[in-house]
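Working notes for the structure below.
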Amino acid sequence: MSIKLPMDEFEDKLTEQRWLKQVGVTGLDMEMTQMETDEDVQRLKKGLRLRFPLFITNVCRILLYRGEEKLACLMVAYFEVALDRAMFRMAVDNEFFDFLKYLFIFRKNYVGRKESPGARRNAKAEKLDLTDLFKIVIERNEDNVDKT
């Protein structure tokens with residue numbers, strides 16, 4: 001067990017201040033941030049939902065990679081996501097059909113143009129409908145589908 005000396009605390013504070021300065025957080029930002037009521041927490045939660053769809057998408061990718069489909073479904077239900085067609089192809093390849101179902105149920109079935117990610121609040125995003133999803137399924141399972 002190590003004992004924290006006052007000098008260690010001072011150096012930790014300096015390191016933290018340098019990092020905050022590097023990412024653009026100022027002392028004024030710290031002073032103006034108030035988290036005292038449930039309303040403040042809800043406002044922060046709403047801001048996170050609107051501003052971090054790519055982050056949430058990456059978390060969902062990690063969850064799906066680890067086989068945590070139900071957790072990824074909950075993330076889709078509660079947070080905004082920015083998906084690309086590759087994410088849909090990956091879900092079809094790995095048979096994450098509950099995840100795909102949640103995307104459509106919660107109307108998060110939007111993709112960016114070409115291969116870029118897109119969220120439903122993005123004006124440049126296009127809606128992926130069920131016929132597009134079926135095309136992806138057929139494309140991914142081309143060898144298994146009987147073409148008669």
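The values are calculated or read from the model by the stated rules, or taken from the named source; none is laboratory data. Worth saying up front: this structure is predicted, and the values here are computed from it rather than measured. All Cβ positions, even for glycine, are placed from backbone atoms using ideal geometry, and neighbour counts span all protein chains on display.
If only residues of region 98-112 that are part of a loop (DSSP other than H, G, I, E, B) and surrounded by 12 or more Cβ atoms within 10 Å (Cβ to Cβ) are counted, the one that is modelled with the highest pLDDT is Phe106. For Glu95, are the conditions met, namely being part of a loop (DSSP other than H, G, I, E, B) and either surrounded by fewer than 17 Cβ atoms within 10 Å (Cβ to Cβ) or at pLDDT 90 or above (or both)? Judged against the criteria, Glu95 is a match.
All but one of (1) surrounded by fewer than 19 Cβ atoms within 10 Å (Cβ to Cβ); (2) assigned to a loop (DSSP other than H, G, I, E, B) hold for Glu80, so report the exception by its number. Glu80 satisfies every listed condition except (1). The lone criterion from (1) part of a loop (DSSP other than H, G, I, E, B); (2) modelled with pLDDT of 85 or more left unmet by Ala72 is number (1). Figure legend. Inter-residue proximity from region 47-61: first residues under 20 Å from Met35 (Cα atoms), second residues at pLDDT 70 or above, beta-carbon distance below 6 Å, spacing 6+ or different chains. Indicated pairs: Arg49/Phe79; Arg49/Glu80.
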